[in-house]
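Data block below; observations after.
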C-alpha cells in the first residue's frame, strides 16, 4: 500500500478523481469544438463546390469500407491472413473473397441484426469479431452451397 496514513490516501484519491473529471470535461469540450469546426469546414466546402465535396466524401466512404472489409476478411482468413479458409485454396484477391457463416445461418443472422454487405463488417467490428465466421472465395462459397444441397437430397 503506497500510503501508511489513510488520511493521505483519501486525499490522494480525492484529488486524483477531481483531476480525472476535469480532464474528461476538457476532452469532451475539445471534441465538441473539433466537431463544430469540422462541420463548419464541410459547410464552407459544400457552398464552394458541392459536386466536388460529394465526390470526395463518396471516395472517402468507399476507402473506409474497403479497409474494413480487408481487416475483417484478414481476421477470419486462414491463420489470420487475407486468404480463403478452404483446404489447398490460395485465393488472396480481396474482390474474390467473402465472409461466410460457418453454420450456414447467414440469412437468419442478416434478419436478426438487419445488416448486409458493408454494414455486416461494421457489425462485426462493433461486436469485437465474434466467432462463427470464416473467409471463403466465391468458388468455395458456391461449392459449400452445392455440398449442402447434395446432403439434403441424399437425406430425403
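The values are calculated or read from the model by the stated rules, or taken from the named source; none is laboratory data. Please read these numbers as outputs of a predicted model, since none were measured by experiment. Backbone-built Cβ (ideal geometry, glycine too); neighbour counts: all protein chains shown.
General observations
- Of the residues making up segment 81-98, those that are closer than 27 Å to residue 112 by Cβ and buried (at least 18 other Cβ atoms within 10 Å of the Cβ) number 4.
- Some residue of segment 19-36 being in contact with a helix residue (DSSP H, G or I) (Cβ under 9 Å, 6 or more places away or on another chain) and at pLDDT 85 or above: no
- Residue match in segment 64-80 (condition: exposed (fewer than 10 other Cβ atoms within 10 Å of the Cβ) and closer than 30 Å to residue 137 by Cβ): yes
- All positions within segment 94-120 that are over 12 Å from residue 133 (Cβ atoms), free of Cβ contacts under 8 Å to residues at least 40 places away in the same chain and either assigned to a loop (DSSP other than H, G, I, E, B) or touching a helix residue (DSSP H, G or I) at 6+ places or on another chain (Cβ under 9 Å) (or both): 94, 95, 110, 113, 114, 115, 116, 117, 119
- When residue 109 is tested against (1) surrounded by 11 or more Cβ atoms within 10 Å (Cβ to Cβ); (2) modelled with pLDDT under 95; (3) over 23 Å from residue 71 (Cβ atoms), just one condition goes unmet, and that condition is (3).
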